[in-house]
Amino acid sequence: MELREQMGPFEAVNYYFEKAADVDAVPESTRAILQTPASELRVEVPLKRDNGDLDVYIGYRVQHDNSRGPYKGGIRYHPEAEVDEVRALASLMTWKTAIVDVPFGGGKGGIQIDPLPLSNAEKERLTRTYTRAISRVIGDHLDIPAPDMNTNAQTMGWIVDEYSQIHGYSPGVVTGKPVALGGSYGREQATGRGCIITMEEALKDLSMPTEVSIAVQGFGNVGGWAARLAHDHGHKIVAVADHQGTLYHEAGIDIPALVEHVAKERTIHGFSGAEARPADDVLSLPVDVLLPAAIGEVIHAENADAVQAKLIVEGANHPVTPWADAILVDKGVTVVPDILANAGGVMTSYFEWVQNIQQFRWEEAEVNERLVKRMVAAYATVRDLARDRGIPLREAAFVLAVARVAEATELRGLI
C-alpha cells in the first residue's frame, strides 16, 4: 500500500498491516481475511433528555477478528466515533491482543456523541439503550467490551446491569467494572502503568537516564495515571496538556497537587503551579519523552518535524499518522507503538475476565506483578524482533501480531 500524507484511520492501520505482511510474504488471500472485519453492527440510540426532548444518535459495534478468542475492545462516546474510526480501533485491538498474547480477538464500539453536556442520568439512559441494541452480539465468551474514551467503570456497571436483566447475571460481559461489581484491582491504572513499564524498558535500551523529563498530552485515565506513576518513579513531568491548553514547568509539575486540582475543578486549567501555554506546545517541547495519551492523529505531517523528544510512548490509539511516523523514523526518534505501549489495559482486562470466570479475586499486588511480567516480556519480544529484522518497533509489533493471528486462523481451518 502506498504511503500518502492523508489516510483514513482504517486505511492507516492497514498500511502498517501491509508492511508487516510484506516482511513475511503473507499471501494476498490470507491478507484479505485478516484485514476484513468479521461483522459491523450499526444501531440507533434514542436518548430522552432531562428536559423531555428526544435526540437520536448512531452507535456501532465492530467485530474485527476472533481467531484467537472472543472479540475484545472498548466503547467510546465521542463525536468522531464514526464507522471508519471504530473499524480502525477494532483492527488495532486484534493486533494488540496478539502482541501481548492474551486469548482474545479484536472489537470496538462507540456512539457518535459529545457526552460532556450530558447529565449523569442522561448518560445512564444512553448506555442502557445502547446496551440493549448490541446485547445480541456481546457476551463473556463472544465479545467483551471495556471502557474507552469518555466511558468509565460506572458506564461498565450500567452495561452489566442492563445485559444481566436480559441474559441473567453476567459480570464477565465487560471488563473495567467497579470492583464492587466484579472488577479487578489495578484495572483503572493498568493502561497508564503499561505505558510507564514499556517506557522504562525502552529507556534502558536507548541508554537514556533512569529519570527523564516527560510531556504528557491528555490527563484523563491513561495520561493521568501515566503521569502519576512516572512521578512516583522519580521522573520529571514538565508538561501536561489537554485540548484547551498546556501546563509547563521546566523544573517539573507537582503531579499530586495537579491531581488534587483536577479532582476539585474537573480540569487542568487554573492550576497555579505551572505556566499556561497553547495546547499544541506539548508536542514540540525539549523533553526526553513525549507521551501522547489523548486522541488519534495528533502528530502528523505538519508538526512531526517539530518533535524534540527522543522517545515517544503512544498512550492513545494511533496518535501518529503513517506519514508522521516515517518522518520520526528518519529523525531517529524511537516510538513505542500504541499496540504495545497501551496494552496494559487489555492485559489487566484479561486478568479481570479470568477472575470473573473463576469467581476468584486476586489481590492488587498480584495483578500488578503479573502485568509487569507480561508487559516486559511483550516488549522484549517486539524489541528482539525489531533488532533481528532491522526494522522499527512499530513494524516489528505488527509483524509479530500478524504472524500470530495468521497462525491461529490457519489452524482453525479458515485459510
- Message: Let's test this: bin the Cα-Cα distances of region 277-415 at 10 Å from zero up to the farthest pair and state each bin's percent.
- Response: 11, 33, 31, 19, 6, 0
- Rounded to the nearest 5, the percent of DSSP beta bridges in the chain running antiparallel is 50
- Query: When Lys and Arg each count +1 and Asp and Glu each count -1, what net charge do the other residues less than 13 Å away from Gly139, Cβ to Cβ, add up to?
  - Reply: +1
- Message: Looking at the chain as a GNM with Cα springs under 10 Å, which of Val262, Val298, Val45 has the largest mean-square fluctuation?
- Response: Val262
- Output the direction-averaged projected area (hull surface divided by four) of the convex hull of the alpha-carbon atoms of region 71-211, in nm². 10.1
- Along the charge dipole of the chain, Cβ charges K/R +1 and D/E -1, which of Ala276, Leu258, Ala133 sits furthest on the positive end? Ala133
- Where does the longest stretch of the chain lie that holds no chymotrypsin sites (Phe, Trp or Tyr not before Pro) found in a DSSP loop with 15 or fewer other Cβ atoms within 10 Å? 170-359
- Reduced to Cα centres, the span from region 1-59 to region 166-208 in Å works out to 24
- Taking every other residue with Cβ under 11 Å from the Cβ of Gly234 and scoring Lys and Arg +1, Asp and Glu -1, one gets -2
- Mind listing the Cα extents of region 230-307 along all three principal axes, in Å, largest one first? 37, 25, 20
- Query: Based on the Kirkwood radius over alpha-carbon pairs, what value in µm²/s does the Stokes-Einstein equation return for the translational diffusion coefficient of region 7-166 at 25 °C and 0.890 mPa s?
  - Reply: 151
- Residue-normalised accessible area of the chain, expressed per residue, 1.4 Å probe, Å²: 41
- Item | Residue of Pro70, Pro256, Pro392 that the Gaussian network model of the chain assigns the largest fluctuation, springs spanning Cα pairs under 10 Å | Pro256
- Message: Quick check on region 1-64: what are the equivalent-ellipsoid semi-axes from the Cα gyration tensor, as sqrt(5λ), descending, whole Å?
- Response: 38, 15, 6
- Task: Provide the gained length on full extension for the span Lys204 to Arg42, in nm with one decimal, where the gain is 0.36 nm per separating residue minus the Cα-Cα distance.
- Result: 53.8 nm
- Query: How big is region 361-415 by the Kirkwood estimate over distinct Cα pairs, in Å?
  - Reply: 13.0
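Based on Cβ point charges of +1 for Lys and Arg and -1 for Asp and Glu, what charge dipole magnitude is obtained for the chain about its Cα centre, in debye rounded to the nearest 20?
Once rounded to the nearest 20, the dipole reads 1060 debye.
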- Query: If you bin the C-alpha pair distances of region 58-147 every 10 Å from 0, what whole percents do you get?
  - Reply: 19, 48, 26, 6
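For the chain, calculate the relative contact order in percent as a whole number, restricting contacts to Cα pairs under 8 Å that are 6 or more residues apart.
With pairs under 8 Å counted, the relative contact order is 17 percent.
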- Message: What distance in nm separates the two pseudo spin-label positions at Ser119 and Glu2, each 7 Å out from Cα along the beta-carbon direction?
- Response: 5.4
- Item | Protein accessible area in region 1-111, 1.4 Å probe - carbon and sulfur % | 47
- Within the set Lys72/Lys123; Lys236/Lys264; Lys72/Lys177; Lys19/Lys96; Lys264/Lys310; Lys19/Lys236, which residue pairs have Cα atoms separated by over 25 Å? Lys264/Lys310; Lys19/Lys236
- Task: For every helix of n ≥ 4 consecutive DSSP H residues, a contribution of -39,500 (n - 2.57) applies; sum these over the chain, divide by its total residues, and give [θ] at 222 nm rounded to the nearest 500 deg cm²/dmol.
- Result: -14500 deg cm²/dmol
- For region 296-331 and region 212-284, compute the distance between their C-alpha centroids and round to whole Å. 20
- Query: Relative to the Cα centre, what is the charge dipole magnitude of region 249-404, using +1 at the beta carbon of each Lys and Arg, -1 at the beta carbon of each Asp and Glu, and rounding to the nearest 20 debye?
  - Reply: 580
- Largest to smallest principal axis extent of the C-alpha atoms in the chain, angstrom: 54, 53, 43
- Find out how many positive minus negative residues lie around Arg412, taking Lys and Arg as positive, Asp and Glu as negative, among other residues whose Cβ is under 14 Å from that of Arg412. -1
- Query: Where is the GNM fluctuation largest for the chain (alpha-carbon springs, 10 angstrom cutoff): Val23, Val367, Val402?
  - Reply: Val23
- Top positive-direction residue, dipole computed over the chain with Cβ charges, set Ser39, Ala25, Gly192: Ser39
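The values are calculated or read from the model by the stated rules, or taken from the named source; none is laboratory data. Keep in mind the model is a prediction, meaning the values are calculated, not measured. Note: ideal-geometry Cβ built from the backbone for every residue, glycine included; neighbour counts use all protein chains shown. Calculation scope for accessible area: heavy atoms of the full protein, side chains included, ligands and nucleic acids excluded. Shrake-Rupley method; radii C 1.70, N 1.55, O 1.52, S 1.80 Å.
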